[in-house]
Amino acid sequence: MASTEDKAASKESTSSWKDSIYNPRTGELMGRTASSWALILLFYLVFYCFLAGMFALTMWVLLLTLDDYVPKYRDRVPNPGLVIRPNSMDISFNKSDPLKYVQYVQHLESFLQRYNDTEQEKNEECTQGEYFMQDNTEDMTKKACRFKRGFLSLCSGLSDTNFGYSEGKPCVLLKMNRIIGLKPRGDPYINCTVKRDSPVQMQYFPTEGRIDKMYFPYYGKKAHENYVQPLVAVKLLLTKEDYNKELPVECRVEGSDLRNNDERDKFLGRVTFKVKVVE
């Protein structure tokens, strides 16, 4: 049985613990009076409002230095990369089974929707062989030159809705990445080769794989809203001797000052992909 002294000590300890949270005699909460808590909360409220105001002011000043139409820094990618459609680096299919190549056909058809005549009629009929310069126009919205999918002939998907995949002669579309202000010198064109001893015959659309200057320069996504990149279609005229073999194909931008031999960037001005057709 606890002594009277032990009970008193226990009661005093419990009272001391409660007083540390709230002391009814002094009105203190966790060691501070209401006025002290009010001053601390007011300080932090003013402090964080000041920080938020400084951040907002900094962002506002930063946004004032930006142009809605032209990026401030454009020197990191001076040369365009080369990409293919369908979006696959390993094109493999059975020409006798539509289910094996339907994904490639659907991807090409979807990609070419913006090149339909109904869309391209909104754009301008430009002069071939000349840059379409619009730097001196007051209107920030720039006009775009027409590139109809019919320019791709046998690879347009109009005369052959299977883009040659059903006959084992697949079409591959190539385009350069967009770079604002790019004006390639010379007469750029796409050239593709198969890395093996005997060559593979190919057809290019437009003729000779030319990329006309009238599609340059590009003025940016907001200013050049209707712009579409010029395309080059390559139709691989494979024969039975080429079937059931994995053929590495390399395509490059030739005939201009655009770089295509940078060992650090395998997609700068060139692209390599594989094609395998099974009977």
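The values are calculated or read from the model by the stated rules, or taken from the named source; none is laboratory data. All of these numbers come straight from a predicted model, not from anything done at the bench. Cβ atoms come from the backbone with ideal geometry, glycine included; neighbour counts cover every protein chain shown. SASA here: full protein model, heavy atoms, side chains in, ligands and nucleic acids out. Shrake-Rupley method; radii C 1.70, N 1.55, O 1.52, S 1.80 Å.
GNM on the chain, C-alpha springs below 10 Å: top fluctuator among A223, A38, A52?
A38
Calculate one ³J(HN,Hα) per residue across region 237-253 by plugging θ = phi - 60° into the Karplus curve 6.51 cos²θ - 1.76 cosθ + 1.60, and present them in order as whole Hz with x for glycine and proline.
8, 6, 10, 4, 5, 8, 6, 6, 10, 8, 9, x, 10, 10, 10, 9, 8
Which order do V200, V46 take when ranked by solvent-accessible area (1.4 Å probe, heavy atoms of all protein chains), largest first?
V46, V200
Lone cysteines in the chain, going by a 4.7 Å Cβ-Cβ cut-off?
Within the chain, the cysteines lacking a partner Cβ under 4.7 Å are C49.
Search the structure for amide H atoms under 5 Å from the amide H of K142, placed 1.01 Å from N in the peptide plane, and list their residues when 5 or more places away or on another chain.
Placed amide hydrogens put H224, E225 under 5 Å from K142.
Using helices alone, I'd like the mean residue ellipticity at 222 nm for the chain: each DSSP H run of four-plus residues gives -39500 (n - 2.57), total over residue count, nearest 500.
Using -39500 (n - 2.57) per qualifying helix, the result is -8000 deg cm²/dmol.
With charges only on Cβ, +1 for K and R and -1 for D and E, what is the dipole size of region 55-133 about its Cα centre, in debye, rounded to 20?
Once rounded to the nearest 20, the dipole reads 440 debye.
For region 79-95 and region 238-258, write down the distance between their C-alpha centroids in whole Å.
The two parts, judged by their Cα centres, are 11 Å apart.
Dividing the convex hull volume of the alpha carbon atoms of region 145-245 by its residue count, what do you get in Å³ per residue?
Considering the Cα atoms of region 145-245, their hull volume per residue is 121 Å³.
Round to the nearest 10 and report in Å² the accessible area of M54, as given by a 1.4 Å probe over the protein chains' heavy atoms.
The accessible area comes out at roughly 90 Å².
Could you give each residue of region 225-235 its phi-based ³J(HN,Hα) in whole Hz, using Karplus coefficients 6.51, -1.76, 1.60 with θ = phi - 60°, and x for Gly or Pro?
Taking θ as phi minus 60°, the curve returns 5, 8, 5, 10, 5, x, 10, 10, 9, 10, 9 Hz for region 225-235.
Given 20 °C and 1.002 mPa s, compute D for the chain with the Stokes-Einstein relation, Rh being the Kirkwood radius over Cα pairs; round to the nearest whole µm²/s.
Result for D is 89 µm²/s.
Calculate the dipole size of region 132-197 relative to its Cα centre from +1 charges on Lys and Arg beta carbons and -1 charges on Asp and Glu beta carbons; express the result in debye to the nearest 20.
100
Tally up the carbon and sulfur contribution to the accessible surface of the chain as a whole percent, 1.4 Å probe, everything protein left in place.
Whole-percent figure for carbon plus sulfur exposure: 54.
For the peptides 148-157, 126-135, what is the packing order when you average, over each peptide's residues, the other Cβ atoms within 10 Å and list the highest mean first?
With the highest mean Cβ count within 10 Å placed first, the list reads 148-157, 126-135.
Filter K148/K245; K148/K266; K95/K274; K72/K222; K143/K274; K169/K195 down to the pairs with a C-alpha to C-alpha distance above 26 Å, please.
K148/K245; K148/K266; K143/K274
If you wrap a convex hull around the Cα atoms of region 46-147, how much volume per residue is inside, in Å³?
Looking at region 46-147, the number lands at 273 Å³ per residue.
Give the residue from N87, P199, F163 lying farthest towards the positive end of the charge dipole for the chain; charges sit on Cβ (+1 for Lys and Arg, -1 for Asp and Glu) and the dipole is referred to the Cα centre.
P199
Calculate one ³J(HN,Hα) per residue across region 32-45 by plugging θ = phi - 60° into the Karplus curve 6.51 cos²θ - 1.76 cosθ + 1.60, and present them in order as whole Hz with x for glycine and proline.
10, 7, 4, 5, 5, 4, 4, 5, 5, 4, 5, 4, 5, 4
Sorting D187, D212 by accessible area (1.4 Å probe), largest first, what list results?
D187, D212
To the nearest 10 square angstrom, what accessible area does L45 show with a 1.4 Å probe?
My reading of the accessible area for L45 is about 100 Å².
Where the convex hull is taken over the Cα atoms of region 82-207, what is its projected area averaged over directions, in nm²?
Hull-based average projected area comes out at 9.9 nm².
How long are the semi-axes of the ellipsoid equivalent to region 42-86, from square roots of 5 times the Cα gyration tensor eigenvalues, in whole Å, largest first?
Taking √(5λ) for each Cα gyration eigenvalue gives 41, 14, 9 Å.
With the chain treated as a Gaussian network of Cα nodes joined by springs under 10 Å, which of T65, T118, T193 yields the largest mean-square fluctuation?
Of the options given, T65 has the highest mean-square fluctuation.
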